[in-house]
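> Submitted below is the structure of interest, expressed as structure tokens.
The values are calculated or read from the model by the stated rules, or taken from the named source; none is laboratory data. Just so we're clear, the structure is a prediction, and the values are computed from it rather than from any experiment. Cβ placement follows ideal geometry from the backbone for every residue including glycine, while neighbour counts extend to all protein chains displayed. With ligands, DNA and RNA removed, areas are computed over all heavy atoms of the protein, side chains included. Shrake-Rupley method; radii C 1.70, N 1.55, O 1.52, S 1.80 Å.
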Amino acid sequence: MGVGKVATISGIGIAALSGLAWALKRFLKSRDYDDLDSVVSFSSRLVAGMRAYEGKEKEPLVFDPLAELLAGRRGMQAASTTMQHYEDAADKEAVASKANRKFLVGRVALRTLFMDDHLLAGCKTGARQVVLLGAGMDSRAWRLDLPEGTSWFEIDRTDVLNAKRKVLTKAQASFSADTNKGAKYPLRAATYTTCDVDLGSEGWTKRLIAAGFDPNVPTVWIAEGLFMYLSEAAVTALLKEARSVSPKHSRFLIMAFTSEDVVKWYQESATQTSVAWVKELAVTFKSSFPLDSKPYLEERGWHVASVEFYSDLADKYAHGLPWTSAPGLIVKLGLKDNGKFDTNTAFIDAVPF
Ligand SMILES: C[S@@+](CC[C@H](N)C(=O)[O-])C[C@H]1O[C@@H](n2cnc3c(N)ncnc32)[C@H](O)[C@@H]1O
């Protein structure tokens with residue numbers, strides 16, 4: 001055998017071994033994240049887990065019957081580390097008077113109620129399409145009382161959409177109004193369509209339109225827990241692109257971090273824990289909105305109808321119950337309030353400009 005041939009064979013061997021190592025690494029990673037490719041994808045299970053914990057309360061503020069299944073074992077485990085026990089609330093009087101809760105009202109429960117309310121308000125004023133951007137394990141299409149004829153679209157990464165479909169199929173959820181009969185979780189929308197596009201790249205609305213989205217029908221867009229994973233340029237492009245296919249009576253519902261400081265502070269806080277997903281997730285945050293989001297959104301084609309912060313949502317939805325004013329995990333790490341807990345996340349309802 002010539003020297004050249006030996007070199008080629010060992011070259012093939014090395015390539016095969018490194019391919020194997022890559023596949024093994026990917027396999028172990030996806031086990032870490034419960035069948036999902038990355039910590040960003042896994043954040044969908046984490047949030048579903050937080051919704052599931054609210055549903056376990058005796059008198060839940062919001063109940064999502066599919067949340068625990070969609071969160072999966074690891075999502076529930078991760079969410080449990082962020083929940084704050086009711087007795088730990090600073091307001092001892094409130095604790096003494098209403099002690100039938102296990103956990104403080106979570107920020108995810110509050111944000112869920114905000115999005116539910118504003119989505120249904122959008123439907124009341126004529127929207128008949130809903131598009132969830134970074135839909136994750138959201139189950140509103142099986143939970144909300146939607147007007148007849150509402151088309152439902154979910155955009156996310158392929159791994160998330162596949163994992164979600166797997167869970168929902170096993171739970172006997174229906175994906176079409178035609179198969180609702182006998183389904184344990186009937187679809188509440190007229191149609192359900194998924195689209196696996198990267199929202200960080202321009203041109204995603206073309207794929208959405210090809211999937212059946214109608215640019216002439218008023219639409220409620222929801223970006224809940226998405227924008228921090230996109231660069232500022234990508235968020236700008238996304239807002240403009242959505243605007244270009246949004247007729248009158250459309251709405252854009254946004255949950256956004258509100259300042260670079262907050263993102264940096266989260267990232268610094270995360271270095272103080274040994275929990276892998278917390279460290280890995282924090283470094284994926286790329287951008288935030290300015291605190292005054294009105295001019296920012298106007299430049300991008302959207303007129304702000306209302307901006308609220310967590311304390312406003314708590315006033316509206318928590319009925320006087322103590323709530324987690326700071327992210328639960330941050331409190332558990334014993335980190336000090338950076339003075340921005342109240343305004344570090346904005347909830348925005350915007351209409352086409
Ligand atoms: C924190 S989860 C929020 C999920 C859901 N909106 C909720 O509130 O329950 C963020 C979601 O955004 C998705 N996502 C992040 N970057 C994305 C991108 N570039 N394109 C599509 N989806 C993305 C993730 O896969 C994940 O499902």
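> Once every DSSP H run of n ≥ 4 in the chain is given -39500 (n - 2.57) and the sum is divided by its residues, what mean residue ellipticity at 222 nm do you get, rounded to the nearest 500 deg cm²/dmol?
-13500 deg cm²/dmol
> A further question on this structure: What does DSSP give for the chain in terms of the percent of beta bridges that are antiparallel, rounded to the nearest 5?
The answer is about 35 percent antiparallel.
> Then there's this: Taking the mean number of other Cβ atoms within 10 Å as a proxy for protection, how do you rank 45-51, 66-72 from highest to lowest?
45-51, 66-72
> Step through the residues of segment 80-88 one at a time and calculate ³J(HN,Hα) from phi using the Karplus curve (6.51 cos²θ - 1.76 cosθ + 1.60, θ = phi - 60°), rounding each to whole Hz and writing x for Gly and Pro.
4, 6, 9, 7, 10, 5, 4, 5, 7
> If you don't mind, another one. Of the accessible area of the chain, with the probe set at 1.4 angstrom, what percent is carbon plus sulfur?
56
> A follow-up question, please. What does the accessible area of D88 come to, in Å² to the nearest 10, when a probe of 1.4 Å is used?
Ignoring ligands and nucleic acids, D88 comes out at about 100 Å².
> What is the local net charge at T271, summed over the other residues whose Cβ is closer than 14 Å to its Cβ (Lys, Arg +1; Asp, Glu -1)?
Overall, the nearby charge balance is 0.
> Right, next: If Lys and Arg each add +1 and Asp and Glu each add -1, what is the summed charge of the other residues whose beta carbon sits under 10 Å from the beta carbon of C195?
My count for the surroundings of C195 gives -2.
> Still on this structure, I have one more. Count charges around G301 for me, please; just the other residues with Cβ under 12 Å from its Cβ, Lys/Arg as +1, Asp/Glu as -1.
Value of the local net charge: 0.
> Ok, one more. Express in % the proportion of alpha carbon pairs of the chain at distances exceeding 37 Å.
When every Cα pair of the chain is considered, 21 percent fall beyond 37 Å.
> Can you tell me, using C-alpha contacts under 8 Å and at least 6 residues apart, the relative contact order of segment 127-270 as a whole percent?
Relative contact order here is 26 percent.
> Explain nothing, just the number: relative contact order of the chain, from Cα pairs under 8 Å at least 6 residues apart, as a whole percent.
17
> Another question, if that's okay. Please calculate how many Å² of accessible area segment 180-241 carries per residue, with a 1.4 Å probe and no DNA, RNA or ligand atoms counted.
Counting only protein heavy atoms, the per-residue value for segment 180-241 is 44 Å².
> How far apart, in nm, are two points set 7 Å out from the Cα along the Cα-to-Cβ line at A276 and at D261?
For A276 paired with D261, the spin-label model returns 3.5 nm.
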